[in-house]
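Okay, structure first, notes after.
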Amino acid sequence: MFPLLLLVYLQASPIHPLPSSPYTSYILEQTCGQGGSKQSLYLNSQAAVFTFNSTNRRKLDCHLELHLHSKALGFSVFIETLKIDRSSGCSRDFLQFGRDKFVITTHLSDKYCDTIEHSANITNENGALVGYDFKDISFPRREYIESNDVEMDIWLELQPAQNNQIKEVKLVVAPFRKSCNEEDGEYYKQCPGTSRCFRRELFSAGIVKCAVKTVEETTSSHFLSLPLIIILIVVITIIATLVRFRIEMLLSNSENNNTQTLENLKFRNSTNPTACYPPSSQENPPSYDEVVMMGFMDMDN
């Protein structure tokens, strides 16, 4: 009798982490309540991975409410895999997130029913992880953030599978600190472009994937992998060379113009010495004899 009770208890309980595991694994077939009843899970500051991988003969109506222990924390949800029935408006199968106050739902995300393939690691020639391939669904479309409350809700509704169809769902939920400082750097790492900080072991375990480049960024940023100082030196050298060449051209043109003007002036002086001086506009005054003769002529008249 005791072994039977122990087996029932293990089937109804989550798979708790090993001492070295930074997260807890939950099998949704066992974690979800019967008939859509809400199940509360107190993550506190522990990450969690929720999986569903089976041919459901009956409708699955799952409602989970996750809890954190501090208002300084938030939820980061990453959809790793989603293979359910796709329909217009996600009217058959869907995954949805939200939050509520008491019994009133105050926020709902869009419903998810698109096919989302599992992401793949990208490694270099030394085997080191350098990026992730998110397939056709980008990282932002896979992510849901809840930072306004210490509680959040997850709804998963699956109609009975047809023709032995296997439906797959994998969700990764990681609590984060809404802000961190230099003193937290030993235990926490910040996601680029955000204020969210996660425990460092979550990055190495592949639970948090915000700090590694995607396959598109990895294949298109080899040029940026060069040290920035080398790029700046090359750019500055090119600009300085172009400026110097331009200045030398301007000075050369100016010297040529001055030389040509001086040669023109010398040529005009040699051919016409008076060309540089304007003709006098005033005639010489009459002599004394001319004035006297003019006076006699006036008397005779």
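The values are calculated or read from the model by the stated rules, or taken from the named source; none is laboratory data. It should be emphasised that the depicted structure is a prediction, and the values quoted were computed from it without experimental measurement. Quick reminder, even Gly has a Cβ in these numbers, built from the backbone with ideal geometry, and neighbours come from all protein chains shown. With ligands, DNA and RNA removed, areas are computed over all heavy atoms of the protein, side chains included. Shrake-Rupley method; radii C 1.70, N 1.55, O 1.52, S 1.80 Å.
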Whole-Hz Karplus ³J(HN,Hα) for the range 87-94, in order, using 6.51 cos²θ - 1.76 cosθ + 1.60 and θ = phi - 60°, x for Gly and Pro? 8, 5, x, 6, 6, 9, 9, 6
Taking 0.36 nm per residue of sequence separation and subtracting the Cα-Cα distance, how much length would be gained by fully extending the chain between ASP136 and ASN53, in nm to one decimal? 27.8 nm
If amide H atoms are built 1.01 Å from N in the plane of the peptide, which residues on other chains or at least 5 residues away come under 5 Å of the amide H of SER25? ILE15, VAL49
Loop chymotrypsin sites (Phe, Trp or Tyr not before Pro), the range 69-110, which have at most 11 other Cβ atoms in a 10 Å radius of their Cβ (DSSP): PHE102
Roughly speaking, what is the stretch gain from ASN121 to SER87, that is 0.36 nm per residue apart minus the C-alpha to C-alpha distance, in nm to one decimal? 9.2 nm
Which ³J(HN,Hα) values, rounded to whole Hz and listed in residue order, are derived for the range 160-173 from phi using the Karplus coefficients 6.51, -1.76 and 1.60 in 6.51 cos²θ - 1.76 cosθ + 1.60 with θ = phi - 60°, glycine and proline given as x? x, 5, 10, 6, 6, 5, 9, 9, 10, 9, 9, 10, 10, 10
Low-density loop positions, GluC sites (Glu not before Pro), the range 107-197 - DSSP coil, at most 12 other Cβ in 10 Å: GLU125
Which of ARG99, ARG246, ARG57 is most accessible, then next, and so on - probe 1.4 Å: ARG57, ARG246, ARG99
When we measure straight from the Cα of LYS38, which lysines land under 18 angstrom away, once same-chain ones fewer than 8 places off are left out? LYS59, LYS101
Extension length gain for SER70 and ILE166 (0.36 nm per residue less Cα distance), in nm, is 30.8 nm
